[in-house]
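> One structure, as structure tokens, below. Some questions next.
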Amino acid sequence: MRIVSFLPAATEMVYALGLGDQLVGVSHECDFPAAAKTKPVLVRPALALEKMTLREIDVAVAERIRSGGSLYQVDENLLCELKPDLILTQNLCQVCATSGNDLTVALKLLQPKPEILWMTPHSLAEIFENICELGQATGRSNAAETFIAERRERLETIAEQAKNISHRPRVFCMEWADPVYCAGHWVPEMVQLAGGIDELARKGTDSVRIQWTDVLKWPPEILIFSPCGFNLEKALEQVSHLEAQLGWGELPAVRSGRVYAVDANSYFARPGPRVVDGTELLAHLIHPELFDWNGPDDAFRSIPTSNSRASKMRIKTCSECGQAFECKMGGCWCDDFPPLPPSAAPGADCLCPGCLAKAVEHVRAEKP
């Protein structure tokens, strides 16, 4: 059988079932296992996203989708040359990987028509179903069943250990930083199995843009920064976006040093075999006293917070205008100025920069 995979998660499934020698073509994102990088590449990105900021990526992707354009380019000539019997693709997300829309023209050129296996999972159970379907389509049903059973056992071990945990901490899995996106699909299940609670996440459906005030209202005790499609190195490059958020230094996760960047590309974003590893990683980050991490060292990093500008800030409400603002401990007017007269700021506890300037001018004006 000649298999073409347009989906990194599907490529991982192919190798997990011992079908690597039958894989004849992949996408540019198929980088695991290492052998996948030796296969002919049929798909390239249509946008140079690596040169963009997070905000620029969000805008460019939204604009491309809104205009009906594709984020990927399929090499139709190479696809015809490879003559696949089976194509693995998805219709879950136009952003994450090649979708059915990208294949419409290419499929018309193929003779004979290959079998298409659609992988559109929204949950851990559906990811396992996709592995089972791949096994059935390739004559590897027994291998698929054995593989799934082993993965399920690992998840059950985590769930059993976490079952009697007295405290399930508030967790926020941030899928994008500018703008802020919550986690979706299978990730909320992973958090739950690992002994945490993420009420900002959307179980079984798309991740969405949320307001930063939503995060402040659900002050996470643990924050997992897992930007979609980014490995650990790229995630760490975006930490400044976190520290720039209003009230960042007041979050319990920041104050206790429990902010982590992770390799989302490997363990969270791809609906493939390694979501089980991702669940084990979450269990370690949420409950390190119960769970060890025996995976790669580059799976996560603790983000330093004690010396950051944000960690020295606290959020206050201006007693004059009522607006929320960041007040640097040891550097706001309440430390650097003597008490202002009642005429300047009745009952003031702390003033925002704008009201502070007005108050200082008022004091100066009253001096003889």
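> Report the local net charge at K234: Lys and Arg +1, Asp and Glu -1, summed over other residues whose C-beta lies under 11 Å from its C-beta.
In short, -4.
> With the cut-off at 23 Å, tell me which of the pairs K83/K108; K51/K234; K39/K234 have Cα atoms farther apart than that.
In this structure, K39/K234 exceed 23 Å between Cα atoms.
> Let me ask something additional. Which of rounded, prolate, oblate describes the stretch 167-302, given a ≥ b ≥ c as roots of the alpha-carbon gyration tensor eigenvalues and a/c under 1.5 marking rounded, otherwise prolate only if a/b is larger than b/c?
rounded
> What FRET efficiency comes out for the pair K163/S302, r = Cβ-Cβ distance, R0 = 25 Å, nearest 0.05?
So, using R0 = 25 Å, E works out to roughly 0.40.
> Then there is this: List every residue whose amide H lies under 5 Å from the amide H of I303, counting only residues 5 or more places away in sequence or on a different chain, with H placed 1.01 Å from N in the peptide plane.
Here the answer is V259, Y260, A261, since their amide H atoms fall under 5 Å of that of I303.
> To the nearest 0.05, how large is the calculated FRET efficiency for E76 and E56 if R₀ is 30 Å and r is the Cβ-Cβ distance?
Here the calculated transfer efficiency is 0.55.
> While we're here: Need one word for the stretch 196-267: rounded, prolate or oblate. Basis is the Cα gyration tensor (sqrt eigenvalues a ≥ b ≥ c); a/c below 1.5 gives rounded, then a/b vs b/c decides.
oblate
> Simple spin-label model, 7 Å along Cα-to-Cβ: D21 to E289 in nm?
5.1
> Something else about it: Modelled label-to-label distance, K113 and N142, 7 Å Cα→beta-carbon offset: nm?
Those two pseudo-labels are separated by 3.3 nm.
> A further question on this structure: Return, ordered by residue number, the residues of the stretch 214-239 whose backbone nitrogen is under 18 Å from a label point located 7 Å along Cα→Cβ of A46.
Of the residues in the stretch 214-239, none has backbone N under 18 Å from the label point off A46.
> Sort E199, E320, E50 so that the residue with the fewest other Cβ atoms within 10 Å of its own Cβ comes first and the one with the most comes last.
Arranged by neighbour count, lowest to highest, E199, E320, E50 become E50, E199, E320.
> Apply 1/(1 + (r/R0)^6) to the Cβ-Cβ distance of K37 and S319, taking R0 = 56 Å, and write down the FRET efficiency to the nearest 0.05.
0.40
> Turning to a different aspect of this structure: What does the C-alpha gyration tensor say about the overall shape of the stretch 108-189? Classify as rounded when a/c is under 1.5, otherwise prolate if a/b is larger than b/c, or oblate.
Because a/c hits 1.5 or more and a/b fails to exceed b/c, the stretch 108-189 counts as oblate.
Only the coordinates and a few stated rules stand behind these numbers; no lab work does. Source: prediction; values computed, not measured. Virtual Cβ from ideal backbone geometry, glycine too; neighbours counted across all protein chains shown.
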